[in-house]
Amino acid sequence: PIQTFHKREIMFNATARTALRRSMSTLTPAVPKFETVGCIGLGLMGHGIAQAAAQSDFKVIAFEQEQRFLDSGRSRIEGSLGKMLKREKITQEKYDQIMGNITYSTNMDDLKDTDLVVEAVIENMDLKKDIYGSLGSICKPEAIFASNTSSLSITDMANVSGRPERFVGVHFFNPVQMMKLVEVIRTEHTHPDVFDASKAWVGDINKIAVSCNDTPGFIVNRLLVPFLTQALLMVDRNDASIKDIDISMQLGAGHPMGPLHLADFIGLDTINNIITGWVEEFPNEPAFVVPKCLSDKIEAGDLGRKTGKGFYHWGEGDKRGDPVE
């Protein structure tokens, strides 16, 4: 009887979700033609997203709360485009056109006429919720909101935005200027037209979109982070050396770099933030576990490439040295 009940519950939930999607598809919201894109946050990811949109002739409103962060983001974009200009990938005219497509602002009200707003601030849910709470009353009703989060719940952010049917995830990869993939994430509230328009925009900025439901880590990180933690658990158990684990995955599985090398390259703090968040939110998921060696590295301040030491020593120019004994 219990098994039968669970089957009925699953069937009911599936039926309810199908009915919801069908009812939503009969509604045709005013999905704007994307002409002006807002970018909130001009850090490691945000400046690349702003640049990619501007290079594809979208008008961009680049927002940071503090002038120093805004100036830093502008410098990053100028530096990136400057390298392209030096290598003759773009002309001076194109450089000027791209830079002219971007308006920099510390006033959130300047986002009021944007068609799409992409948020790329740090992975802090409270901060993101505050931003979407404010945006909901600033932006025009038909504007679409998109978060670049790599691991947080799109649904939780959509629920505070005041427009959950117009909310998606757009997870870019670092460096944005080079990486082609973008995961486009829908929640059970996302209207099909909004989702399709968001995927089309990803194509318009010369990226490749893949679709995913709102599941922890989406596609790439849901597969990648548990893979990395399994390598770290091997270190905990002293199953094999750091060097041999990495060589095995390079030569045996055809990976360009081993999991411990990759963990250092990504940043051990980033991996720790993702996996600890998952463990807290999904304590019964056996794939989500925090290895002791990772916690020890975090406590020691050895975060990988960015600090010069993690599971490997790192030199200038991101040159990897020997494993840390």
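The values are calculated or read from the model by the stated rules, or taken from the named source; none is laboratory data. These numbers were taken from a predicted model, which means no experiment stands behind them. Cβ atoms come from the backbone with ideal geometry, glycine included; neighbour counts cover every protein chain shown. We work out accessible area using only protein heavy atoms, side chains counted, and drop any ligands, DNA or RNA first. Shrake-Rupley method; radii C 1.70, N 1.55, O 1.52, S 1.80 Å.
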Quick check on Asp322: is it over 23 Å from Thr149 (Cα atoms), touching a strand residue (DSSP E or B) at 6+ places or on another chain (Cβ under 7 Å) and charged (D, E, K, R)?
yes
Which numbered condition Phe265 misses (of (1) more than 30 Å from Thr190 (Cβ to Cβ); (2) modelled with pLDDT of 95 or more):
(2)
What are the pairs with Cβ atoms under 6 angstrom where one residue, in the stretch 254-267, is more than 17 Å from Phe173 (Cα to Cα) and the other, located anywhere, is open to solvent by less than 30 Å² (accessible area, probe 1.4 Å) and in a loop (DSSP other than H, G, I, E, B)? Sequence gap at least six, or different chains.
Leu260/Phe311
Neighbours by Cβ (under 7 Å, 6+ apart or cross-chain): first from the stretch 172-183, at negative phi; second crowded, with 17+ Cβ neighbours inside 10 Å and among the β-branched types (Val, Ile, Thr)
Phe172/Ile49; Phe172/Val182; Val176/Ile49; Val182/Val170; Val182/Val202
Of the numbered conditions (1) surrounded by 19 or more Cβ atoms within 10 Å (Cβ to Cβ); (2) modelled with pLDDT under 95, Lys319 satisfies every one except a single condition; which is it?
(1)
Restricting to the stretch 124-153, and then to whatever is in a loop (DSSP other than H, G, I, E, B) and within 26 Å of Arg68 (Cβ to Cβ), can you tell me which residue is most open to solvent (accessible area, probe 1.4 Å)?
Asn124
Residue list for the stretch 237-253, restricted to those being part of a helix (DSSP H, G or I), hydrophobic (A, V, I, L, M, F, W, C) and surrounded by 13 or more Cβ atoms within 10 Å (Cβ to Cβ)
Ile242, Ile245, Ile247, Met249
Which residue is nearest to Ser150 (Cα to Cα), if the candidates are limited to the stretch 286-307 and must be part of a loop (DSSP other than H, G, I, E, B) and either at pLDDT 95 or above or open to solvent by 70 Å² or more (accessible area, probe 1.4 Å) (or both)?
Phe288
From the option list Val170, Val121, Val176, Val117, single residue qualifying as open to solvent by 20 Å² or more (accessible area, probe 1.4 Å) and of a type outside the set (Asp, Glu) is Val121
Single residue of Pro192, Pro216 found to be farther than 19 Å from Ser151 by Cβ and touching a helix residue (DSSP H, G or I) at 6+ places or on another chain (Cβ under 6 Å):
Pro192
Taking the stretch 184-203, which residues are open to solvent by less than 50 Å² (accessible area, probe 1.4 Å), without any contact (Cβ under 8 Å) to a residue 40 or more places away in the chain and not in a helix (DSSP H, G or I)?
Val184, Ile185, Thr187, Thr190
Tally up the residues in the stretch 155-171 that are without any contact (Cβ under 8 Å) to a residue 40 or more places away in the chain and not aliphatic (A, V, I, L, M), please.
7
Answer yes if at least one residue in the stretch 144-165 is at pLDDT 95 or above, within 17 Å of Val31 (Cβ to Cβ), aromatic (Phe, Trp, Tyr) and touching a strand residue (DSSP E or B) at 6+ places or on another chain (Cβ under 6 Å), and no otherwise.
yes
Criterion first (within 20 Å of the chain's Cα centre (by Cα), closer than 30 Å to Asp156 by Cβ and either assigned to a helix (DSSP H, G or I) or modelled with pLDDT of 95 or more (or both)) does Leu232 satisfy it?
no
Among (1) open to solvent by less than 60 Å² (accessible area, probe 1.4 Å); (2) in contact (Cβ under 8 Å) with a residue 60 or more places away in the chain; (3) out of contact with any strand residue (DSSP E or B) (no Cβ under 8 Å at 6 or more places or on another chain), which single condition is Asn206 missing?
(1)
Give me a count of the residues in the stretch 209-228 that are open to solvent by 40 Å² or more (accessible area, probe 1.4 Å) and closer than 22 Å to Val160 by Cβ.
3
Going through the stretch 62-110 one residue at a time, which ones are open to solvent by less than 30 Å² (accessible area, probe 1.4 Å), closer than 24 Å to Ile138 by Cα and not in a helix (DSSP H, G or I)?
Ala62, Phe63, Asn101, Ile102, Ser105
